1. Radius of gyration and Dmax for the range 77-135's Cα atoms, expressed in Å?
2. Going by average Cβ neighbours within 10 Å, how do the peptides 134-144, 172-182, 88-98 rank, with the highest at the top?
3. Taking neighbour Cβ counts within 10 Å as the exposure measure, how do 133, 21 sort from fewest upward?
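We did not get these values from a lab; they are worked out from the coordinates using the rules stated. Note that this is a predicted model, so its numbers are computed, not measured. Every residue, glycine among them, receives a Cβ derived from its backbone with ideal geometry; neighbour counts consider all protein chains shown.
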């Protein structure tokens, strides 16, 4: 357990530097109340059609979400039961979704942004939050991202033996569905 705590401590120490270099933004002034950090990105994958009919095509603008993993891992590290830890993380994300909707609604480029995108291997329960899962097309991209997700999985799980069962997925949520589920009406700009 000592090595995990050391890695978590180093990560916590290095996180502000990552934040400065990554063009990420907090979605709340109170940085401790929300687990999302975001940035605007252009989608580079194949065309996807979401269940509400929203078409996501190459070069469409999306709000890319990044979980504040080091914070979430630090807050859940004392919970030994993996199911309880997963429930805590789910509640943290659910609690953060209305602020994500407000952030997007108030964003100066809101009218150009089609939705929200994330990428993860920990995607159980995301449908209940409104997200839809899609497999990234590029095998090289999937390999690169899975390697990046490995430390997070290792720090959040008791073992790596189930890592191969977790598929890397895009998580997508249209702007309209985000507003519908989390309390904001679509833009009339």
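1. Over the range 77-135's Cα set, Rg and Dmax evaluate to 14.0, 44 Å.
2. Values: 134-144: 12.6, 172-182: 20.2, 88-98: 16.8.
Sorting 134-144, 172-182, 88-98 by mean packing, highest first, produces 172-182, 88-98, 134-144.
3. The order, fewest Cβ neighbours first, is 21, 133.
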